[in-house]
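The values are calculated or read from the model by the stated rules, or taken from the named source; none is laboratory data. Computed from a predicted model, the values in this text were never measured in an experiment. Cβ: placed from backbone, ideal geometry, glycine included. Neighbour counts: every protein chain shown.
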Amino acid sequence: MAVTQSIRRGILQSFNNSTYTATVLIIEATSYVLSNVPIATSVDGTSALAGADCAVLFFDEANPSDAVIIAVYTLAPAPPPGRMTFVTGFEQINAQVITSSNTSTFTLAGGASGIPTGASGALFKAYFTSPTVGAYINLMPSGRSPAIDYCTVGEVARANGFAFGNGIVQLNASGQIDIQANGGNCTVTLYTYGYVI
């Protein structure tokens, strides 16, 4: 006996994050609701919103329990979901001098960094040294201000000492950040080891 596969449109009724299954109303049969339907792991739980349209693949059209939800669409979560991915550590900036009260721009996405174009943020480890006690740096998406509204690393506790910090820095649409030196000249080194998409 031949097995007929088909894809049907549905409306997601609910999503169970612990079992990664959903309840779906099949549009072609408006009174037919399927429960405990597996949902593709490529669908983020934040995107599986009740009321969203979905595509249901039936492996065997004669067996409605042999199905999987392969896509969810029409409703976008707000705010958009973020996905964090770790990559091999990569030195982005090596002993770059930024003079006091000035800002330098750096591109973190692309190349061998492991951070793809289109990433919205980068996980970083940064350190700097300064001859000035109390110096610190701000990291922010390039073109944004004021710098104090974003990530701060520092302050240097003694002349020619070091300050260290880790965090997530937002990238602009071109994958760039600005680093601003404050209170003294700063020699900055920065590594990235992950991204948010």
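Mind checking whether some residue in the range 19-39 is out of contact with any Phe, Trp or Tyr (no Cβ under 9 Å at 6 or more places or on another chain), closer than 30 Å to residue 197 by Cβ and of a type in the set (Gly, Ala, Ser)? Checking the range 19-39: not a single residue is out of contact with any Phe, Trp or Tyr (no Cβ under 9 Å at 6 or more places or on another chain), closer than 30 Å to residue 197 by Cβ and of a type in the set (Gly, Ala, Ser).
Criterion first (more than 30 Å from residue 160 (Cα to Cα) and touching a strand residue (DSSP E or B) at 6+ places or on another chain (Cβ under 7 Å)) does residue 38 satisfy it?
Here the answer is yes, as residue 38 does meet what is asked.
Any residue that is in the same structural domain as residue 92 (by TED's automatic domain parsing), of a type in the set (Asp, Glu) and in a strand (DSSP E or B) - is there at least one of those in the range 169-178? Yes, the range 169-178 contains at least one residue that is in the same structural domain as residue 92 (by TED's automatic domain parsing), of a type in the set (Asp, Glu) and in a strand (DSSP E or B). Reported count of residues in the range 145-172, each being buried (at least 17 other Cβ atoms within 10 Å of the Cβ), under 13 Å from residue 190 (Cβ atoms) and of a type in the set (Gly, Ala, Ser), is 2. If you go through the range 72-96 and keep only what is modelled with pLDDT of 95 or more and either touching a helix residue (DSSP H, G or I) at 6+ places or on another chain (Cβ under 7 Å) or closer than 18 Å to residue 38 by Cβ (or both), you end up with 90, 92.
Of the strands (runs of 3 or more DSSP E) lying entirely inside the range 1-120, those containing at least 1 residues that are out of contact with any His (no Cβ under 6 Å at 6 or more places or on another chain) and farther than 29 Å from residue 180 by Cα are 6-16, 21-26, 33-38, 53-58, 67-73.
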